[in-house]
1. Taking the Cα centre of each part, how many Å lie between segment 174-205 and segment 96-134?
2. I want the local charge near Ser106. Using Cβ-Cβ distances under 14 Å, sum +1 for each Lys or Arg and -1 for each Asp or Glu among the other residues.
3. Which values of log₁₀ I(q)/I(0), to two decimal places, follow from the Debye formula for the chain at q = 0.06, 0.07 Å⁻¹ with a uniform point scatterer at every Cα?
4. Pick out, from Pro87, Gly268, Ala120, the residue whose Cα sits farthest towards the positive end of the charge dipole of the chain, with +1 on the Cβ of Lys and Arg and -1 on the Cβ of Asp and Glu.
5. Roughly what would the spin-label model give for Asn171 and Gln131, points 7 Å off Cα along C-beta, in nm?
6. How large are Rg and Dmax for segment 264-321 when only the alpha carbon atoms are used, in Å?
7. Please calculate the 1.4 Å probe accessible area of Arg316, with all protein chains present, and give it to the nearest 10 Å².
8. Per residue, what volume in Å³ does the convex hull of the Cα atoms of segment 98-139 enclose?
Amino acid sequence: MKRKAKDDAKNKEVQHIDASHPSFRRIDTSLYFDKSHIQLPIIFRDEYNIKLGGLEKFHPFDSNKWGNIIEVLKKKELIDSDLIIKPKEAKDEDLMIVHTKSYLQSLKWSMKVAQITEVAPAALLPNCLLQKKVLKPFRYQTGGSILGGKLAMEHNWAINIGGGFHHCSANNGGGFCAYADISLAIRFALDFFENLRKVMIIDLDAHQGNGHERDFMNIKNVYILDVYNRNIYPMDNLAKKAIKRKVEISPFTEDEEYLKKVELHVEGALNEFEPQLVVYNAGTDVLKGDPLGLLNVSAKGIIKRDEIVWTKVRDRNIPILMLTSGGYLRCTAAIIADSIANLHYKNIITLKGMRNGN
Ligand SMILES: [Zn+2]
C-alpha cells in the first residue's frame, strides 16, 4: 500500500490533527528526505550512542545499545554501513510541532535533565555538556523516528534502531524519555500524507506509554493498544483514558500467557480500527531479569512477539514503523538484532538483497 506523498504539503488542509495546539504548524522540515534506492529503511547513526565520560554507568541502561544492535546485524552480514539511513537531528522548530516552548526551555536546567534521565549526578554537570552528550543523541533518535514515519509510508516498513521515548509528552519528560518522538512521528505523518487518517500505536514495552497517551488523549485518528506490567512506573491513570485497548499484565508473566495476549489483542485491535499506519514500540524490557520491567519473557519470546506483530500488520499490507524503546540489560542489543534477523529469515522484510529494489 504505497501512498503518494503530497508535493505541496504546506498548502494542504489539515483538519485531522490538533491544530489548536499553540505550536502547531504545517510540515516544512529537513528531517524528511528520500532514501537512495540501495538503502534499507533502517535508520541509525553513531551519534545515537550516549558517552558521558563513564557517568552513564550510573544508569542500568546500556548506553551503546543502539550501536551494538547494528554491530550484531553487521556480523550476521545482513546489513552494511552504506545500506543504513542516517537521520538528521530534530531541531527546536521540529520539536515544537508537539512540544511546548516552556518544556524545551526547561531542558536547559541540568536538574531537569537529571530527573528525566534518572542519572542523579547529571544534575551537577554543566547544561552545555548534557545538551551535547545526552540530549543531542536523543534529538538524533527523534529525527530518526520522524523520518521513519515517512519511510514506512513509502516503503511499507521502517525500523528506527533507536527512539520509542513513550513516557515523554508535549510538556513533560520522564523515565529516560526527553522528547516525544512517537507523537512527533505521527503528527508529521498525518500532516504530510494526504490520505493518512488512521494511525495505531502498538506499545509492547513493559511500561505504560503515558507520553503518547497524554498527547493523543482526545484524538480519534490515533488508536492506542498498550500491553504493560500493571505494577510498575508510571501508573498514570489520567493517561490510561487514552488507551483504546488496555492490556494490564501481572508481574513476572511468562512467554505462554504473554504471547497469547499479544496475539489476541493485536489481532483484535487491527480488526477493530483498520489503521493505515502502525507505530510499533518494541521495548525489550519485558525480558526476564530486567530490573525495571519485572516480567519473565524469554529472548525467544521477544523474537516471537515481534514476529507476531509484524506478520499481522504486514499480512494486511499496513505500513509499520518499529522503534526499539526500553530494554535495560546489556544482552538486549543482541536480542533486538536477532529479532530483526528473524524478520528477514521469515521473509517479512528483506535486508541484504534489497539492492535491486524491494
Ligand atoms: Zn519500558
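The values are calculated or read from the model by the stated rules, or taken from the named source; none is laboratory data. No experiment lies behind these values; they were computed from the predicted model shown. Cβ coordinates were reconstructed from backbone atoms using ideal geometry, including for glycine residues, and neighbour counts include every protein chain displayed. Heads up: the accessible areas ignore ligands, DNA and RNA and are worked out on the full protein's heavy atoms, side chains in. Shrake-Rupley method; radii C 1.70, N 1.55, O 1.52, S 1.80 Å.
1. The two parts, judged by their Cα centres, are 22 Å apart.
2. +2
3. Values returned for q = 0.06, 0.07 Å⁻¹ are -0.18, -0.25.
4. The residue sitting farthest along the positive end of the dipole is Pro87.
5. Inter-label distance under the simple model: 2.4 nm.
6. Rg and Dmax of segment 264-321, Cα atoms, are 12.8, 37 Å.
7. Its heavy atoms expose roughly 80 Å² to the probe.
8. 66
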